[in-house]
Amino acid sequence: MSQFYYYDPETCEFKDIQYTNLEKLVHAFTQWSLFGIVIGGLLVIFLSLFAGTPAEIALQAENRALLEQLRANRTAIEGLDEQISRLEEADNEIYRQVLGMDRSDFEAQLQRGQGGAPIDPDLDVLQQETADLIRWMRENLDRLDRRANLQLQSFEEVKAYYKANQEKMRHIPAIRPIGSDVVSGFGMRMHPVLNFRRMHEGLDFRASIGTDIYATGDGIVTQAEFNSSYGRMIRINHGHGFETIYAHLSRYAPQIRVGRRVTRGEVIGYSGDSGLVEAPHLHYEVIRNGSAVNPIFYLFADISPEEYLQYRRISEENDSSLD
């Protein structure tokens with residue numbers, strides 16, 4: 001504590017002021033309290049000028065959280081957009097192509113019903129990134145809604161066509177011939193035994209010896225015999241220009257013979273490793289109007305769009321076949 005003096009008129013002298021311990025304590029407390037109030041006030045002024053008030057700081061934190069949510073929503077919308085693209089691809093490549101329907105130009109239909117970009121003056125007060133994200137989501141949610149409606153209309157058309165052509169549909173090969181996955185696809189492949197590239201006109205399905213094999217559509221057995229390359233094989237004529245081949249069987253189902261009528265899903269034989277093969281599997285072909293076509297397009301009644309894309313990826317990436 002600083003030393004203070006007072007003037008004594010009787011003695012004409014300056015004398016020391018003497019404080020009791022209590023007075024000293026009160027004096028020190030008062031000084032530090034005033035000092036703390038001044039420093040606190042200066043700190044509040046500094047935060048208000050440079051960091052904002054407590055309410056503003058809380059609002060900034062909330063805005064950051066909302067911005068992160070907007071970014072997450074954008075990612076989710078992009079994922080939905082990709083899913084609808086897969087549905088559109090499956091619609092055209094599987095359902096419409098196999099049923100003989102015209103392809104649907106979804107993008108052209110979207111453009112016909114699309115207006116100009118919406119004006120959003122209410123977003124001008126927001127930060128640029130926030131405003132851009134909200135505008136993007138408004139536009140793309142509207143586009144997703146219209147794409148979903150177009151896809152629904154397309155599926156209704158496919159369903160109506162199917163119902164109107166049910167007899168024909170029973171004969172089109174439309175399911176997997178075996179309950180396993182594709183290991184090699186349609187196209188030029190390296191033959192595992194002959195060791196040169198040649199056209200592989202079907203799909204190879206993974207299978208152990210003795211697995212059930214199913215007719216993929218109603219039809220008549222036209223071949224059930226041994227072939228030097230295909231081993232034990234079955235050929236079915238489904239009518240409407242369609243035939244299917246099932247190769248490398250270990251044996252035929254007891255009822256199978258040439259001229260026998262079969263129905264979709266009926267067991268016609270059992271997988272094996274007969275013929276010119278590397279390992280047991282089923283080789284499956286679809287022939288349309290005399291020419292081999294990619295069977296992956298003719299599994300539409302038995303696989304989802306996601307499985308279709310997975311099978312196509314596997315068949316495209318595997319450069320060799322099993323036969």
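Where a number appears in this text, it was derived from the coordinates with a stated rule and is not lab data. The model shown is predicted, which means the values in this text are computed figures rather than measured ones. Positions of Cβ are generated from backbone atoms using ideal geometry, with glycine treated the same way; all protein chains shown enter the neighbour counts.
Between Arg135 and Gln109, the contour length at 0.36 nm per residue exceeds the alpha carbon distance by 7.1 nm.
Extension gain for the segment Glu62 to Arg257, taken as residue separation times 0.36 nm less the Cα-Cα distance, is 62.8 nm to one decimal.
Once the Cα-Cα distance is subtracted from the 0.36 nm per residue extended length, the Ser180 to Thr222 segment shows a gain of 12.6 nm. Taking 7 Å steps out from each Cα toward its Cβ at Tyr161 and Asp319 produces label points 3.7 nm apart. Peptides 166-174, 265-273, 152-160, ordered by how many other C-beta atoms sit within 10 Å of their residues on average, highest first, read 265-273, 166-174, 152-160. Counting Lys and Arg as +1 and Asp and Glu as -1, what is the net charge of the other residues whose Cβ lies under 9 Å from the Cβ of Arg232? Here the count lands on 0.
Assuming 1.002 mPa s and 20 °C, estimate D for the stretch 182-317 with Stokes-Einstein, Rh taken as the Kirkwood radius over Cα pairs, in µm²/s. Mind dumping the intermediate values first?
On the way: Rh = 15.0 Å.
Result for D is 142 µm²/s.
Residues Leu322, Leu70, Leu249, arranged from fewest to most other Cβ atoms within 10 angstrom of their Cβ, appear as Leu70, Leu322, Leu249.
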